[in-house]
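Comments concern the structure below.
The values are calculated or read from the model by the stated rules, or taken from the named source; none is laboratory data. Only a predicted model underlies this, so the values are computations on that prediction, with no experimental measurement involved. Cβ atoms come from the backbone with ideal geometry, glycine included; neighbour counts cover every protein chain shown. Calculation scope for accessible area: heavy atoms of the full protein, side chains included, ligands and nucleic acids excluded. Shrake-Rupley method; radii C 1.70, N 1.55, O 1.52, S 1.80 Å.
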Amino acid sequence: MHINHSDIDTYFHPLIRCHWHVGRVRAVARDVETLTLDKLFRFKNFETMLKFFNELAEISLNENHHAHYACDYARIYVSVYTHAAYGNTQAESGQWISELIPGLTLRDVRFAIKAERLHQKYLANGLAITLAPLENERLQDWSIERLKLRYPRQPGVMQGATDRA
C-alpha cells in the first residue's frame, strides 16, 4: 500500500533532515507521477564506497527490495520506489479507487532508514562525508510539498499504515 499523510510526518521528515529527498521518474503507469526517495552518499575513497555498496546490497537482499544505484569513485546515488503497490487514485467520477501502480511505500521507507543507519556508522568512523546539497532547505520543502500533493488526504480513508517500517 502506498504511503499516506501520517507516514509523511512520521518517516519522511526525519529522512529529509538527513539529506534524503524526493525525486521522480517519468510516468510509469498512466499519467500518475511516480515519486522516488533519493540520496547521494559520499565517502573518503573508492574502497570505502565499495564496502558501503556491498553492505547496502546485503540490505537489499535481506529486504528483497532493490533500489537503483549509480556509483563513481567515492559516491553512491540511491533511488528507491516500489514498482507495484496498491495506491488510491481518483477516478473521473471523483470516486477513489485502489489499483496497482508504482509509488512510495513503507518498504521504501524501511530501506532508506536501514541505508541511513549504515551511513551513520560510516560517518561516526570518519569514513563518510556529509555535504548538504546546494539549496538544501528549498529541496526539503519541495520534497514534502510533492509528497503531500501526490498522496493527498482522502475522505473516509483511515490515515496510518498497517505495515510499519
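Scoring residue 110 on the criteria (1) assigned to a strand (DSSP E or B); (2) charged (D, E, K, R); (3) touching a residue at least 24 places away in the same chain (Cβ under 8 Å) leaves a single failure, condition (1).
Residues that are of a type in the set (S, T, N, Q) and touching a Lys or Arg at 6+ places or on another chain (Cβ under 8 Å) are absent from the range 57-75 altogether.
Mind checking which residues of the range 120-165 are part of a loop (DSSP other than H, G, I, E, B), at pLDDT 85 or above and surrounded by 12 or more Cβ atoms within 10 Å (Cβ to Cβ)? Walk me through it before giving the result.
Looking only at the range 120-165, we keep the residues that are part of a loop (DSSP other than H, G, I, E, B), and these are 125-127, 130-135, 151-165.
After this cut, where a residue has to be at pLDDT 85 or above as well, the list is 125-127.
Passing the criteria: only 127.
Looking for something of a type in the set (Ser, Thr, Tyr), touching a helix residue (DSSP H, G or I) at 6+ places or on another chain (Cβ under 9 Å) and open to solvent by 70 Å² or more (accessible area, probe 1.4 Å) - is there at least one such residue anywhere in the range 87-99?
Checked the range 87-99: no residue is of a type in the set (Ser, Thr, Tyr), touching a helix residue (DSSP H, G or I) at 6+ places or on another chain (Cβ under 9 Å) and open to solvent by 70 Å² or more (accessible area, probe 1.4 Å).
Within the range 72-97, the set of residues being out of contact with any strand residue (DSSP E or B) (no Cβ under 8 Å at 6 or more places or on another chain), under 21 Å from residue 131 (Cα atoms) and of a type outside the set (Asp, Glu) comprises just one member, 73.
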